[in-house]
């Protein structure tokens with residue numbers, strides 16, 4: 001039984017984009033531009049990701065972060081991408097056969113990684129409890145830290161997406177975790193990233 005309570009909604013949300021756009025493009029995973037996708041990936045690597053680290057890409061989608069890592073020269077065989085969407089995993093494997101992609105939930109993972117990252121993994125509307133539980137599990141299996149990006153309340157349609165006021169979200173996370181960082185402004189008011197370190 002799935003522990004991801006919103007699995008069907010999330011899978012259908014992304015399947016619509018995959019039906020309408022090429023697998024090679026940012027549109028296929030619901031982003032509005034190539035620049036915004038690249039900026040999000042760049043910020044996530046600030047966590048400390050390089051060619052020598054192990055990475056779990058939670059909500060890897062079509063494996064576009066692997067493309068980014070390869071361009072930056074930081075891809076290695078210690079990468080693992082997971083997604084709850086079987087169609088996305090199939091396409092990710094076809095696009096990057098040298099990377100490990102698996103259909104799985106974050107709650108299934110017990111192996112440890114230096115870093116756990118997620119780009120857009122909390123975009124689709126879900127309960128705050130599920131967001132918190134997923135972050136907590138990701139943090140429990142990381143050795144160094146986790147990083148996730150989120151949409152801001154100023155930017156997004158709050159009816160269909162999880163959106164937050166960055167400083168309020170940061171302060172709430174700081175109540176649970178000791179070492180927390182916040183990055184904002186890299187996409188104007190669209191997005192922010194939370195870093196949590198061991």
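Which order do 43, 173 fall in if you start with the one that has the fewest other Cβ atoms within 10 Å? Can you show the working numbers first?
Details: 43 21, 173 18.
Arranged by neighbour count, lowest to highest, 43, 173 become 173, 43.
Build a GNM of the chain with springs between Cα atoms under 10 Å apart, and of 163, 176, 54 the one that fluctuates most is 176.
How high is the relative contact order of segment 57-112, given as a whole-number percent (alpha carbon pairs under 8 Å, six or more residues apart)? Value for segment 57-112: 38 percent.
Of 53, 110, 152, the residue with the greatest mean-square motion in the GNM of the chain, using alpha carbon springs below 10 Å, is 110.
A full extension of the chain between residue 76 and residue 143 corresponds to an added length of 22.4 nm, given 0.36 nm per residue minus the alpha carbon distance.
Estimated from helices alone, the mean residue ellipticity of the chain at 222 nm is -10500 deg cm²/dmol (sum of -39500 (n - 2.57) over DSSP H runs with n ≥ 4, per residue).
Across segment 7-197, the convex hull enclosing all Cα atoms gives 107 Å³ per residue. Look at where the Cα atoms of segment 30-89 and of segment 90-134 average out, and the two centres are 10 Å apart.
Once the C-beta distance of residue 6 and residue 179 is scaled by a Förster radius of 30 Å, the resulting FRET efficiency is 0.55 to the nearest 0.05. Among 142, 60, a tally of other beta-carbon atoms within 10 Å of each Cβ gives an order, fewest to most, of 142, 60.
If R0 is 25 Å, the Cβ-Cβ spacing of residue 160 and residue 34 corresponds to a FRET efficiency of close to 0.65. With contacts taken as Cα pairs under 8 Å at a separation of at least 6 residues, the chain carries a relative contact order of 18 percent. Here the chain carries DSSP beta bridges of which approximately 45% are antiparallel, counting only pairs with both residues inside.
For segment 91-198, what is the Kirkwood estimate of the hydrodynamic radius, computed as the reciprocal of the mean inverse distance between distinct Cα atoms, to one decimal in Å? So the Kirkwood estimate lands at 14.9 Å. In this structure, residue 167 and residue 51 have a Cβ-Cβ separation that, at R0 = 30 Å, corresponds to a calculated FRET efficiency of about 0.35. Listing 180, 116, 165 from fewest to most neighbouring C-beta atoms within 10 Å gives 165, 180, 116.
Springs between alpha-carbon atoms under 10 Å, Gaussian network over the chain: tell me which of 138, 183, 88 tops the mean-square fluctuations. Maximum among the listed residues: 183.
Quick note: the coordinates plus some simple rules give every number you see, no bench work behind them. The model shown is predicted, which means the values in this text are computed figures rather than measured ones. Counting neighbours? That spans all protein chains shown, and the Cβs are built from the backbone with ideal geometry, glycine included.
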